[in-house]
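Presented below is the structure to which this report refers.
The values are calculated or read from the model by the stated rules, or taken from the named source; none is laboratory data. Computed from a predicted structure; not experimentally measured. Every residue, glycine as well, gets a Cβ built from its backbone with ideal geometry; the counts of neighbours run over all protein chains shown. The area values use the complete protein model at the heavy-atom level, side chains included, leaving out ligands, DNA and RNA. Shrake-Rupley method; radii C 1.70, N 1.55, O 1.52, S 1.80 Å.
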Amino acid sequence: MENKPIKEITVSGIRPTGKVHLGNYLGAIKNFVTMQDEFETCYYFIADYHSLTTHNNADLLPVNVRRSLATYLACGLDPEKAIVYLQSDLPQIPELYLLLNMFAHKGELEKCTTFKEKIRTPGQTVNAGLLTYPVLMAADIIIHKATKVPVGKDQQQHLEMTRTFANRFNHLTNSDFFPEPQGFSYGNSLIKILSLDGKGGKMSKSDENENNAIYLTDSDKEITKKIKKAKTDTGPTEKNSPLTPGIEALFGIMDCVSNPEIVADYKEQYANCTIKYGYLKLQLAEDLVKYIAPIRETIFEIENNQEYLKSVVEKGGEKARESATKTVDGVRKLLGINYF
Ligand code: TRP
């Protein structure tokens, strides 16, 4: 882990829903892979406790955790360069979470946008874990005194809350124990991978219709079918028309997976109204299959190697616990949990 130019600590996690789509990969995981070569200390974990706030299927959880972990590794996270672990392997996280709960105000938790959205979901019980989701996420981050957190726009409010809790802790304990974690993104993480429904929204794993997203585990046939079925329009009739959302989604993916000259050629055809969407879709499907197939095969291969997965998280867990223990020891002392 030596000789990395950026001397900072970074932490990020994904919830183990078992499904990672192209947007998650291009917008997040790919950046984690770049960061592991540049940031001195990188912690990447599977947020399995967080997934319990909304899903509680004990049969599916192990399958999803193993798949998410295999996905991290198949995408190029290297346990030699980054510390890869499971949230539930660090008992220090629930401890810090409990202590941080004393620094989180009920009102600010209730105002959190993701909380308000989640409790609107029909059938969703409003459990306390859902309300304190941001406190658990804050514990994940400050347990390693992280300074940079690569997360998307949808997580910025959680990050802001993390700063609030960390600052409040510092203030009330008269210390500067926790640094302020900041969001981090490379210029390219602004790439937005759109849903294939042609409505202009982001590709999302909570979309009811699985045809609107391309998953890293989709078969060649599924990928081809989804691209063929992607919603477009009847085609441009005026020169240099702006892209409609459906075709914007296709070009957005193409920009990431196809030869730039070919993409430029199709864009020109769009601009001069000679484009045939059928051909563009064929090209895109072919390139996308080539792009995803090796990742998919690696996911399946690693996922079946439980010994390997176990050894990765054992090693990662050990290192992560080292840093977590130091932090919790410091927090206990500052709070006066230090009696004899
Ligand atoms: N809330 C994040 C999400 O839904 C996952 C997450 C949990 C996370 N803890 C984190 C991300 C800590 C970054 C840092 O995507």
ask   = Conditions: (1) over 23 Å from Ala139 (Cβ atoms); (2) touching an Asp or Glu at 6+ places or on another chain (Cβ under 7 Å); (3) hydrophobic (A, V, I, L, M, F, W, C). Ala74 meets all but one. Number of the miss?
value = (2)
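Could you tell me whether Lys81 is at pLDDT 95 or above and either charged (D, E, K, R) or open to solvent by less than 40 Å² (accessible area, probe 1.4 Å) (or both)? Please lay out each step first, then the result.
Working: at pLDDT 95 or above: yes; either charged (D, E, K, R) or open to solvent by less than 40 Å² (accessible area, probe 1.4 Å) (or both): yes.
Answer is yes for this residue.
Please work out if Ser323 is polar (S, T, N, Q), at pLDDT 95 or above, buried (at least 17 other Cβ atoms within 10 Å of the Cβ) and under 22 Å from Lys192 (Cβ atoms).
No.
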request  = For region 70-93, state whether one or more residues are away from the ligand (no atom under 16 Å from the Cβ), assigned to a helix (DSSP H, G or I) and in contact with a Ser or Thr (Cβ under 6 Å, 6 or more places away or on another chain).
outcome  = yes
query = Somewhere in region 88-108, is a residue open to solvent by 20 Å² or more (accessible area, probe 1.4 Å), touching a strand residue (DSSP E or B) at 6+ places or on another chain (Cβ under 6 Å) and at pLDDT 95 or above?
reply = no
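I'm trying to understand the selection: among the residues of region 209-244, which are outside any loop (DSSP other than H, G, I, E, B), of a type outside the set (Ser, Thr, Tyr) and buried (at least 18 other Cβ atoms within 10 Å of the Cβ)?
Asn212, Ile223, Lys226, Ile227
A quick yes/no check of all residues on (1) within 19 Å of the chain's Cα centre (by Cα); (2) open to solvent by less than 40 Å² (accessible area, probe 1.4 Å); (3) within 16 Å of the ligand (Cβ to nearest atom):
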residue: Ala146; (1), (2), (3): yes, yes, yes
residue: Leu159; (1), (2), (3): yes, yes, yes
residue: Asn174; (1), (2), (3): no, no, no
residue: Ser185; (1), (2), (3): yes, no, yes
residue: Ser195; (1), (2), (3): yes, yes, no
residue: Asp207; (1), (2), (3): yes, no, yes
ask   = Does region 245-263 hold any residues that are touching a helix residue (DSSP H, G or I) at 6+ places or on another chain (Cβ under 8 Å), open to solvent by 50 Å² or more (accessible area, probe 1.4 Å) and in a helix (DSSP H, G or I), and which are they?
value = Asp255, Ile262
message = List pairs: first residue in region 1-28 and under 14 Å from Met203 (Cβ atoms), second residue part of a helix (DSSP H, G or I) and open to solvent by 30 Å² or more (accessible area, probe 1.4 Å) anywhere in the structure, Cβ distance under 6 angstrom, at least six positions apart or on different chains.
response = Leu26/Cys256
message = Of the conditions (1) under 26 Å from Leu131 (Cβ atoms); (2) modelled with pLDDT of 95 or more, Asn57 satisfies every one except a single condition; which number is it?
response = (2)
task = Give the residue, chosen from Lys30, Lys4, that is touching a strand residue (DSSP E or B) at 6+ places or on another chain (Cβ under 8 Å), surrounded by fewer than 21 Cβ atoms within 10 Å (Cβ to Cβ) and not in a strand (DSSP E or B).
result = Lys4
query = Identify, please: which residue in region 110-134 is over 18 Å from the mean Cα position of the chain (by Cα) and closer than 30 Å to Glu322 by Cα and is, among those, most open to solvent (accessible area, probe 1.4 Å)?
reply = Ala128
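How many of the residues in region 107-144 are among the polar types (S, T, N, Q) and more than 13 Å from the ligand (Cβ to nearest atom)? Let's see the steps before the verdict.
Restricting attention to region 107-144, the residues satisfying the condition of being among the polar types (S, T, N, Q) are 113-114, 121, 124-125, 127, 132.
Filter once more, so that each one left must be more than 13 Å from the ligand (Cβ to nearest atom): 121, 124-125, 127.
The number of residues fulfilling the criteria is 4.
Every residue, every condition in (1) outside the structural domain of Glu80 (by TED's automatic domain parsing); (2) in a helix (DSSP H, G or I); (3) out of contact with any strand residue (DSSP E or B) (no Cβ under 9 Å at 6 or more places or on another chain); (4) open to solvent by less than 20 Å² (accessible area, probe 1.4 Å), yes or no:
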site: Tyr279; (1), (2), (3), (4): yes, yes, yes, no
site: Ala285; (1), (2), (3), (4): yes, yes, yes, yes
site: Leu288; (1), (2), (3), (4): yes, yes, yes, yes
site: Glu297; (1), (2), (3), (4): yes, yes, yes, no
site: Lys310; (1), (2), (3), (4): no, yes, yes, no
site: Val313; (1), (2), (3), (4): no, yes, no, yes
site: Gly316; (1), (2), (3), (4): no, yes, no, yes
site: Asp329; (1), (2), (3), (4): no, yes, yes, no
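Anything in region 264-277 that is assigned to a helix (DSSP H, G or I), touching a residue at least 24 places away in the same chain (Cβ under 8 Å) and surrounded by fewer than 17 Cβ atoms within 10 Å (Cβ to Cβ)? List them, or say none.
Correct list: Ala271 only.
Here's the yes/no breakdown for (1) away from the ligand (no atom under 14 Å from the Cβ); (2) modelled with pLDDT of 95 or more:
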site	(1), (2)
Glu8	yes, yes
Val20	no, no
Phe45	no, yes
Pro62	yes, yes
message = Looking at Glu40 and the list (1) of a type outside the set (A, V, I, L, M); (2) away from the ligand (no atom under 12 Å from the Cβ); (3) surrounded by fewer than 20 Cβ atoms within 10 Å (Cβ to Cβ); (4) not in a strand (DSSP E or B), which single condition is not satisfied?
response = (4)
